[in-house]
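So the structure is just underneath, and the comments pick up after that.
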Amino acid sequence: MSQATEDTNPQRAKHDKLKELGVRPYAYRWDRTHSAAEVVEQFDALSEAKTEVSLSGRLMSRREHGKTQFGHLQDAGTRVQLYLRKDALGDEPFERLGLLDIGDIVGVRGEMFRTRTGEITVNVRELVLLAKSLRPLPEKFHGLKDVETRYRQRYLDLVVNEDSRKVFVARAKLTALVRRFLDGRGFIEVETPTLQPLYGGAAAEPFRTWYKVLEQEMYLRISDELYLKRLIVGGLDRVYELCKDFRNEGLDRTHSPEFTQVELYQAYADYTEMMALVEELFRFLAVELHGKPEITFQGRTVDLSKPWQRVRFTEALAERIEADPLELSDKMLLKVAARFNIKVEEGTSRVKLLDKLFEALVQDRLVEPSFVMDHPKITCPLAKEHRDDPRLVERFEPVVAGMEVGNAFSELNDPVEQRQRFADQLARHEEFATLDEDYIAALEHGMPPTGGLGLGVDRLVMLFTDTPAIRDVILFPQLRVHAAPSGEGEPIAG
RNA sequence: GCCCCGCUAGCUCAACUAGGCAGAGCACCGGAUUCUUAAUCCGUAGGUUGCAGGUUCAAUUCCUGCGCGGGGUACCA
């Protein structure tokens, strides 16, 4: 038996008492005329016309003054004061207010007025309990700070912490805006498999699962890239998908094993058009969300009205290490790392070495919105060779306020070269490399030149809501299961 | 995975430095109160100090292991 349903719990006792009195503690419906935000907004007209309004929400406070009580009703993040008079409600209903608890869901009817101190208030004529709360809410003044409880019981966080609520409302707006932006440019939204027989499109360890009927191992997608490009082959010239990808890797402030990405592919475009699209999308999002082409993230204000800085991977790195990184052997690269005090292990692959050096020596210094572009060819098997330099690929990563928010390229559409690049990757024994024959077959049917882009939606939300930890933009972040206290939460059948 | 830090009442926090009856505010419960708003006033109740073990006459405090969380680091096209 949980604590809340024990007989000694005072909220439970009130619940039982209400039932004895013939009051349903859980009502079936409530007709409301206004939201709390609407009565505040339309206050002048409503109070002047003495309109009876009907509201509903959670009771957040109650102050008794003998024959009068005050309280606050919270509805969708807006609080409205309630004024409850014995002579307006009637003796018996007024007495029953004592059976209410903070946290109860109630409906009220009454006229709007302003108290002496000027607060917008409902002069309540009728109050109906809609749902009884059996557990106390976190304290009203200090709120809920314990991060673990905030994640595990997000509903409490949402009730009590207005900032948290705002982040998730902004997240919903942001994804709607991304869709509006892409729909307006002729992209269509599609859905591709989450369970894949072969993973691909990124270098990451997948989650594995077993498909019983097909008797085969399946993988949760680490990316939807290879499916979306099959659609480009099929003549769906502009497609996007906004979905979760899963990577069986560590989690930190910017990584979640289950994260949301929007990937899009545009036929007949190359990566320069993807850069323009990113610039426009960020400007659009900032203006729609903040009213100006600007974001402030962790104290840094970023101007999105200008074109982004172009930072060429090898050139920028060459400048810092005073040598062409592509001409250096793995051994030499290790020496360079040592020279700059960058920790790398002896057996680190060339791809990782280059990435490490770049991150430590260049990326950490990027403040302005930037496109890190034209990476060494070995870093990416799916990007097309650079038109001016066969050692490079046409790829870029948008970096804003020092945070990597995506990945894009001119898509490799030569099936012969694609097969070779996959094979090279396997030959280098890169972890989690795969060779997708079906995908190559699709390319063999001919894929138009295509620009592709993936953006981390969680990271966009972080940037646009100035939230430094990815957990705080995910409603239910993954956490370890708590050891169940005795008698609670054990499986009924194992 | 490794390193560091945290875990005390429903919530927010003390007490730990140097071992000596586990405390406060809010919430809850009883009472007073007809414009209050962190309402106020009076009174009561609330604890396996994350879990298990050890040292000690005595452990919230010291030690060991474990659990969960946070930060860092590693991994992460």
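The values are calculated or read from the model by the stated rules, or taken from the named source; none is laboratory data. Note that the coordinates shown come from a computational prediction; the quantities given were computed from them, not determined experimentally. Cβ placement follows ideal geometry from the backbone for every residue including glycine, while neighbour counts extend to all protein chains displayed. Ligands, DNA and RNA are stripped out before the accessible areas are found, and what is left, the full protein with its side chains, is counted by its heavy atoms. Shrake-Rupley method; radii C 1.70, N 1.55, O 1.52, S 1.80 Å.
Quick notes on this structure:
- Note that chain A presents 52 Å² accessible area per residue, ligands and nucleic acids not counted, probe 1.4 Å.
- Under DSSP loop assignment and at most 14 Cβ neighbours within 10 Å, longest chymotrypsin sites (Phe, Trp or Tyr not before Pro)-free interval of chain A: A:341-494
- Hz values of 3J(HN,Hα) by residue in segment A:265-276 - Karplus curve (6.51, -1.76, 1.60), Gly and Pro given as x: 9, 10, 5, 6, 10, 10, 5, 5, 5, 5, 5, 4
- 0 to 90° range, to nearest 10: angle between helix A:10-20 axis and chain A longest Cα axis: 60 degrees
- Viscosity 0.692 mPa s, temperature 37 °C, Stokes-Einstein D of chain A from Kirkwood C-alpha radius, µm²/s: 123 µm²/s
- Relative to the dominant Cα principal axis of chain A, helix A:415-427 is inclined by about 80°.
- Longest DSSP-loop-exposure-free segment, GluC sites (Glu not before Pro), chain A, at most 14 other Cβ within 10 Å: A:7-118
- The Cβ shell under 15 Å around A:PHE187 holds other residues with a net charge of -4, Lys and Arg each +1, Asp and Glu each -1.
- Dipole of chain A, positive direction: furthest Cα of A:LEU82, A:GLN363, A:THR175, with charges on the beta-carbon: A:LEU82
- To the nearest 10, the accessible area of A:THR175 is 30 Å² with a 1.4 Å probe.
- Leading residue at positive end of dipole, chain A (Cβ point charges), from A:GLN425, A:GLN69, A:LEU392: A:GLN69
- Cα gyration tensor category, rounded, prolate or oblate, for segment A:3-137 with a/c compared to 1.5: prolate
- Segment A:195-214 and segment A:341-410: distance between their alpha carbon centers, rounded to Å: 26 Å
- Over segment A:3-137, Cα pairs under 8 Å with separation of 6+ residues give a relative contact order of 28 percent.
- Of the cross-linked pairs A:LYS140/A:LYS166; A:LYS50/A:LYS140; A:LYS244/A:LYS356; A:LYS173/A:LYS377; A:LYS145/A:LYS306, those separated by over 29 Å at the C-alpha level are A:LYS50/A:LYS140; A:LYS173/A:LYS377; A:LYS145/A:LYS306.
- In a reduced charge model with +1 at each Lys and Arg Cβ and -1 at each Asp and Glu Cβ, chain A shows a dipole moment near 1860 debye about its Cα centre.
- Under 13 Å from A:LYS67, Cα to Cα: aspartates and glutamates that are on another chain or at least 8 residues apart: A:ASP87, A:ASP91, A:GLU92, A:GLU95
- Computed lengthening from A:ARG29 to A:ALA338, 0.36 nm per intervening residue step minus Cα-Cα distance: 104.4 nm
- Sequence-distant contacts, meaning Cα pairs under 8 Å at least 6 residues apart, place the relative contact order of chain A at 12 percent.
- For segment A:149-293, with all protein chains in place and a probe radius of 1.4 Å, 52% of the accessible heavy-atom surface sits on carbon or sulfur.
- Computed from Cα atoms, the angle from the helix A:330-339 axis to the main principal axis of chain A rounds to 50 degrees.
- Rounded to the nearest 20 debye, the dipole size of segment A:3-137 about its Cα centre is 240 debye, using +1 on the Cβ of Lys and Arg and -1 on the Cβ of Asp and Glu.
- Think of each Lys and Arg Cβ as +1 and each Asp and Glu Cβ as -1; about the Cα centre, that makes the dipole of segment A:260-315 roughly 240 debye.
- With a cut-off of 12 Å on the backbone N, no residue of segment A:51-69 is near the modelled label site 7 Å out from A:ASP91 along Cα-Cβ.
- Dipole of segment A:3-137, positive end: most advanced residue of A:THR117, A:ALA45, A:LEU21 [Cβ charges, Cα centre]: A:LEU21
- Theoretical ellipticity at 222 nm over chain A - DSSP helices of four or more residues, -39500 (n - 2.57) apiece, nearest 500: -9500 deg cm²/dmol
- ³J(HN,Hα), Karplus 6.51/-1.76/1.60, whole Hz, each residue of segment A:189-201, x for Gly, Pro: 8, 10, 10, 10, x, 8, 8, 10, x, 9, 8, x, x
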